[in-house]
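Input: a single structure, listed below in C-alpha cells.
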Amino acid sequence: MTIIKTSGAPGAIGPYSQAIKHGGLVYTSGQIALDPETGAMVGETTAEQTERVMKNLSAVLKAAGSDLGKIVKTTCFLADIADFASFNEVYGKYITNAPARSCVAVRDLPRGAKVEVEAVAIAE
C-alpha cells in the first residue's frame, strides 16, 4: 500500500490521504474545489467548482501513475441535486471513458463546497 501525496492538489483537511495506491488501483479521497496553493475555495457555481475539482482529481491521479482516462468508478456528491445538469456538463469534458458512477445530493460538504468527487482508477 502506497500513500499518494502531491502539491498539485489541496492537502488533506483531516486525518486522511489524498489517495492510496494498492493492487494496481488508486483510490482517491474526495476532491473539492480548493486551490492547491492558497487553500481557498474556487468558484461560486457548481460548474465553476467542478472545473477545479476535476483539475485536483487529475493531479492526484497523475501522482499515483494514473489519469482521468483510467477511472473505473466515481462517486460524486452535490450540495444541490438541481445542479446535476451543470455538473454533468463539466464532468463530461474531463471524464470521457464512461466509468461506473454514483451521484447523490448531500446535506453539506466540507468548507461549503457545492461538489465533491472521488474515484477509483487503474494505476500502472
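Computed values, structure above
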| quantity | calculated |
| --- | --- |
| Cβ-Cβ FRET estimate between Cys103 and Thr2, R0 fixed at 30 Å, reported to 0.05 | 0.60 |
| Least to most buried among Ser66, Ser7 (fewest other Cβ within 10 Å first) | Ser7, Ser66 |
| Residue of Gly24, Gly43, Gly11 that the Gaussian network model of the chain assigns the largest fluctuation, springs spanning Cα pairs under 10 Å | Gly24 |
| In degrees, nearest ten, helix 84-94 long axis to first principal axis of the chain (Cα) | 40 |
| Cα gyration tensor, the stretch 31-112 - rounded (a/c under 1.5), prolate or oblate | oblate |
| Burial ordering of Glu51, Glu44, fewest other beta-carbon atoms within 10 Å first | Glu44, Glu51 |
| GNM result for the chain, Cα springs below 10 Å: residue of Gly23, Gly14, Gly65 fluctuating most strongly | Gly14 |
| Within the stretch 2-122: Cβ-based charge dipole about Cα centre, in debye rounded to nearest 20 (Lys, Arg +1; Asp, Glu -1) | 480 |
| Tilt relative to the chain, helix 46-63 - C-alpha long axis, 0 to 90 degrees, to 10 | 0 |
| Inter-part distance where the stretch 86-117 and the stretch 1-32 are each reduced to a Cα centre, Å | 18 |
| Net charge of Cβ neighbours under 10 Å - reference Thr75; Lys, Arg +1; Asp, Glu -1 | 0 |
| Among Tyr91, Tyr16, Tyr27: highest mean-square fluctuation, GNM of the chain, C-alpha pairs under 10 Å | Tyr16 |
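Every read-out reported here was derived from the displayed coordinates using simple, explicitly stated rules and does not represent laboratory data. Keep in mind that what you see is a predicted model, and the values were worked out from it rather than measured. All Cβ positions, glycine included, derive from the backbone under ideal geometry; neighbour counts span all protein chains shown.
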